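I have placed the structure first, in the form of structure tokens, so that the comments after it can refer back to it.
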Amino acid sequence: MQDTPILTENANAASGRQFRYYDFVMAAFVAVLLLSNVIGAAKPAALTINGEQWVFGAGILFFPLGYVIGDVLTEVYGYARARRVIWAGFVGLIFMAFMSWVVVSLPPAAGWQGQAAYESVFGQVWRIVAASITAFWAGEFVNSYVMARMKIWTAGKHLWSRTIGSTVVGQGVDSLIFYPLAFLGVWSTEQVVTVMITNWGLKVLWEAVLTPVTYIVVGWLKRKEGVDLFDEDTDFSPFKTKV
């Protein structure tokens, strides 16, 4: 199947347009988000390099995919459709956290020896869960907003500046919310600040490293969808539901 010619269009004018791959991108974003919290968040991993051990959360393996997909959503499909995906992920996180609590709280069957292990993996502290969900919501909306506004400022050029710039701001907001809410009073203030800055720096670095991948995915989707959307008169309220 041949690609459709790419047309530059106002995002509002394309509100009723049906896209071939939007649903798949949405599903991929939500799946990566949930997996990063279910599989990645529970395990601290370690690598030994030159005799020195480096400990990191396994969830960082998922972060790069989430960054690429999040940027693709706003760049290709516009802020309004990205907003719907962010809300879908937000609701999914709440449902996942609630069901994790329900399943962990169910009395184990007689003879089953896995309750303690199950609780260690899925019995997350509610303070951390609340901090994670709140930080995700705020950080993703800021990321999408900055991405959409910078696209107009750059006239659609210099994609790298938008992907990295939006990550600097969006993940900055995410980190400023998550680490103090989750760990202030549990860790020392110095440790909270150190981990917060370190993880923010790693996320920005990941975004920079994956810029070529983002270019490839964005270019392919724009050719397939046949449109390049600009949020020139978009309502950027995070609470608006209409596309």
(request) Kindly list, by first and then second residue, each pair from a residue in segment 126-139 that is within 8 Å of residue 178 (Cβ to Cβ) and open to solvent by 20 Å² or more (accessible area, probe 1.4 Å) to a residue that is of a type in the set (Val, Ile, Thr) and in a helix (DSSP H, G or I), limited to pairs with Cβ atoms under 6 Å and residues at least 6 apart or on different chains. (result) 134/177
(request) Tell me, please, whether a residue that is within 22 Å of residue 22 (Cβ to Cβ), of a type in the set (Gly, Ala, Ser) and open to solvent by 30 Å² or more (accessible area, probe 1.4 Å) can be found in segment 84-102. (result) yes
(request) Answer yes if at least one residue in segment 221-238 is of a type in the set (Ser, Thr, Tyr) and surrounded by 14 or more Cβ atoms within 10 Å (Cβ to Cβ), and no otherwise. (result) yes
(request) Kindly indicate the residue of segment 17-66 that is at pLDDT 90 or above and open to solvent by 100 Å² or more (accessible area, probe 1.4 Å) and also farthest from residue 216 (Cα to Cα) among those meeting that condition. (result) 23
(message) Return the pair list, or none, for Cβ contacts closer than 7 Å from residues in segment 102-121 that are within 16 Å of residue 39 (Cβ to Cβ) and in contact (Cβ under 8 Å) with a residue 40 or more places away in the chain to residues that are among the small types (Gly, Ala, Ser) and open to solvent by less than 90 Å² (accessible area, probe 1.4 Å), at least 6 apart or on different chains.
(response) 121/42
(message) I'd like the full set of residues that are in contact with an Asp or Glu (Cβ under 9 Å, 6 or more places away or on another chain) and open to solvent by 80 Å² or more (accessible area, probe 1.4 Å), limited to segment 185-219.
(response) 200
(message) Condition (residue is closer than 24 Å to residue 210 by Cα, modelled with pLDDT under 95 and in a helix (DSSP H, G or I)) applied to segment 99-121: is it met by at least one residue?
(response) no
(message) Looking only at segment 167-204, how many residues end up being more than 19 Å from residue 138 (Cα to Cα) and among the small types (Gly, Ala, Ser)?
(response) 2
(message) List the residue pairs whose Cβ atoms are under 9 Å apart, where the first residue sits in segment 228-243 and is within 14 Å of residue 17 (Cα to Cα), the second is open to solvent by 90 Å² or more (accessible area, probe 1.4 Å) and of a type in the set (D, E, K, R), and the two are 6 or more positions apart or on different chains.
(response) 243/84
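The values are calculated or read from the model by the stated rules, or taken from the named source; none is laboratory data. Since the model is a prediction, treat every value here as computed from it, not as a measurement. Glycine also receives a Cβ, built like all others from the backbone with ideal geometry; neighbour counts cover every protein chain displayed. With ligands, DNA and RNA removed, areas are computed over all heavy atoms of the protein, side chains included. Shrake-Rupley method; radii C 1.70, N 1.55, O 1.52, S 1.80 Å.
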